[in-house]
Amino acid sequence: MSAARQRIAVIGASAAGLAAAEGLRRLGWDGVITLVGDEPHPPYDRPPLSKQVLSGAWPPERTTLRDPGRLAALGLDLRLGTRAVAYDPALRHVTLDDGERTVLECAGVVAATGVRARTLPGTEGVEGVHVLRTLRDALALRRRLAEPGRRLAVVGSGVLGAEVAAAARGLGHRVALVGAQDTPMERVLGREVGALLAEVHRAHGVTLYPGRTVTAIAADGGRARGVELADGTFVEADDVLVAIGSEPAVDWLRGPAAPDLSDGLGCDRYCAAAPGLYGAGDVARWYHPGLGRHIRIEHRMNAGEQGLAAARNLLAELDGERFGERRPFEPVPYFWSDQYDLKLHAYGVLAGAVRTEVLRLGEDPLRLAALYGGPDRVTGVLGIGLTPRQARSLRPLAAGPGTWEEAVARLGETVAA
């Protein structure tokens with residue numbers, strides 16, 4: 001391999017990218033590792049943005065994933081505040097938008113560029129309209145919520161919308177949660193469990209507008225003043241958070257010989273999208289052998305695990321004699337959510353389930369375990385009101401090959417134990 005090729009570029013400097021860079025070094029890659037991040041900050045953790053950072057419980061620097069000493073010890077060629085704008089798969093060249101259009105000649109590339117927040121048309125430049133994806137986004141909304149007595153309208157009742165609604169209510173603000181689905185987090189939790197979550201938000205003073213769509217964000221003098229709904233309802237607001245999902249950040253990969261970029265970077269079971277190109281984290285849609293289909297997961301734990309898996313398999317492709325064989329990436333995904341004093345833990349894949357089984361644990365309706373999947377097997381399991389250890393005991397139900405009926409029986413046994 002030529003000296004110019006002794007470089008692996010990791011594009012994206014968040015959790016997945018950092019995990020890939022650390023994995024490359026730990027597994028023995030002694031060439032250059034270039035870590036490219038479009039934000040000026042060193043790698044930081046995103047889940048606290050909608051909770052601890054937004055509420056003011058954490059200073060922003062607490063989200064930093066590695067202290068300067070540990071980051072320096074990796075010996076990275078760190079390019080922060082820089083975007084990748086093009087990729088040539090034949091030459092394995094990455095072009096950077098760094099003022100000089102630097103071209104990196106690479107032996108391999110790990111794409112870990114994540115996603116960007118969707119917005120609503122006509123809201124650019126309107127004061128008081130927010131998205132929440134980056135540290136800068138979180139701090140901008142936090143400054144607004146530092147003023148007492150704000151009215152916040154949250155458009156989108158998924159995980160992010162529900163978490164921000166909870167954080168804002170905890171600060172004493174008036175909060176409206178507008179969602180196209182009938183219950184908060186319904187796409188993930190299903191309607192039955194989502195209805196319980198809706199009652200939690202109502203009990204804490206959130207005004208819910210379920211099954212509604214937004215037609216416009218009203219502004220006066222360049223400042224948001226509320227949200228117009230399709231049924232004619234007007235929701236007054238000083239600030240509006242648009243939390244309607246995200247889009248994979250794949251523009252830099254487009255070109256004549258681009259890989260599959262439909263719903264993220266299409267990858268095989270090894271996280272490979274093309275020779276020398278591997279995907280990790282929110283941007284990657286890969287074939288999960290255990291589920292028998294492609295999936296794309298926007299969860300923090302998956303980002304770290306997949307970053308390491310992509311690094312390992314890229315090295316195996318480059319030098320199998322030295323680094324061994326590639327291994328399929330087939331994790332049991334995990335995510336959590338904190339809302340008020342409620343803890344949700346989930347293993348596997350819950351979204352898209354055609355059947356559920358909810359087991360109440362005692363008289364508290366918010367202490368439960370639930371199975372998701374179908375028609376014949378379990379793909380995910382949820383625990384609410386459980387300790388992390390109790391929730392982990394449910395994990396094998398999402399990983400096992402048994403039938404639905406067997407899983408239901410094991411759920412009762414596990415909970416009883």
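How large is the helix-only mean residue ellipticity at 222 nm for the chain, computed as the sum of -39500 (n - 2.57) over DSSP H runs with n ≥ 4, divided by its residue count, in deg cm²/dmol to the nearest 500? Please list the in-between numbers first.
Numbers: 11 runs with 109 residues, N = 417.
Calculated from helices alone, the mean residue ellipticity at 222 nm is -7500 deg cm²/dmol.
Counting other Cβ atoms within 10 Å of each Cβ, which GluC sites (Glu not before Pro) in the stretch 1-103 have at most 15 and sit in a DSSP loop?
100
Normalised by the number of residues in the stretch 132-214, what is the relative contact order in percent for Cα pairs under 8 Å and 6+ residues apart? Walk me through the intermediate numbers first.
Working: 125 pairs, mean separation 23.1, N = 83.
So the answer I get is 28 percent.
Which shape class applies to the stretch 62-121: rounded if a/c is under 1.5, otherwise prolate when a/b exceeds b/c and oblate if not, where a ≥ b ≥ c are the square roots of the Cα gyration tensor eigenvalues?
Working: a/c = 1.94, a/b = 1.10, b/c = 1.76.
Since a/c reaches 1.5 but b/c is at least a/b, the shape of the stretch 62-121 is classed as oblate.
Report the extension gain between residue 360 and residue 124 in nm, rounded to one decimal, defined as 0.36 nm multiplied by the number of residues separating them, less their alpha carbon distance. Walk me through the intermediate numbers first.
Numbers: separation 236, 0.36 × 236 = 84.96 nm, distance 4.52 nm.
In short, 80.4 nm is gained.
Quick one: Cα convex hull volume of the stretch 258-307, Å³ per residue?
Convex hull volume per residue, Cα atoms: 68 Å³.
Suppose each label sits 7 Å from its Cα in the direction of the beta carbon; what would the residue 202-residue 105 distance come out to in nanometres?
Those two pseudo-labels are separated by 6.6 nm.
Please list the three semi-axes, largest first and in whole Å, of the ellipsoid equivalent to the stretch 281-402, using sqrt of 5 times the eigenvalues of its alpha carbon gyration tensor. Mind showing how you got there, number by number?
On the way: eigenvalues 196, 50, 28 Å².
After scaling each eigenvalue by five and taking roots: 31, 16, 12 Å.
Roughly what would the spin-label model give for residue 139 and residue 322, points 7 Å off Cα along C-beta, in nm?
Spacing of the two 7 Å Cα→Cβ label points: 4.0 nm.
Rounded to the nearest 0.05, what FRET efficiency do residue 86 and residue 181 give with R0 = 35 Å and r taken as the Cβ-Cβ distance? Could you check?
Details: r = 38 Å, r/R0 = 1.08.
According to the calculation, E is roughly 0.40.
Just order 145-154, 315-324 by mean Cβ neighbour count inside 10 Å, highest at the front, would you? Mind showing how you got there, number by number?
Working: 145-154: 17.6, 315-324: 14.9.
Going by the mean number of other Cβ atoms within 10 Å, highest first, we get 145-154, 315-324.
Taking 7 Å along the Cα-to-C-beta vector as the label spot, tell me the residue 233-residue 405 distance in nanometres, rounded to one decimal.
Here the modelled spin labels are 4.4 nm apart.
With θ set to phi - 60°, apply the Karplus curve 6.51 cos²θ - 1.76 cosθ + 1.60 along the stretch 82-97 and write out the HN-Hα couplings as whole Hz, x wherever there is a Gly or Pro.
9, 10, 7, 10, 7, 9, 9, x, 6, 8, 6, 9, 10, 9, 9, 8
For the chain, build the convex hull from the C-alpha positions and give me its volume per residue in Å³. Let's see the in-between values first.
On the way: hull volume 64.8 nm³, N = 417.
Hull volume normalised by residue count: 155 Å³.
Within the stretch 1-104, which trypsin sites (Lys or Arg not before Pro) sit in a loop by DSSP and count at most 14 neighbouring Cβ atoms inside 10 Å?
Answer in residue order: 101.
About its Cα centre, what dipole magnitude does the chain give when the only charges are +1 on Lys and Arg Cβ and -1 on Asp and Glu Cβ, stated in debye to the nearest 20? Spell out each step's value before the answer.
Working: 49 positive and 50 negative charges, 111 e Å.
Approximately 540 debye in magnitude.
Read-outs throughout are calculated quantities, based only on the coordinates presented, and are distinct from any laboratory measurement. Bear in mind that the values here come from a model prediction, so they are computed numbers and not experimental data. Cβ atoms come from the backbone with ideal geometry, glycine included; neighbour counts cover every protein chain shown.
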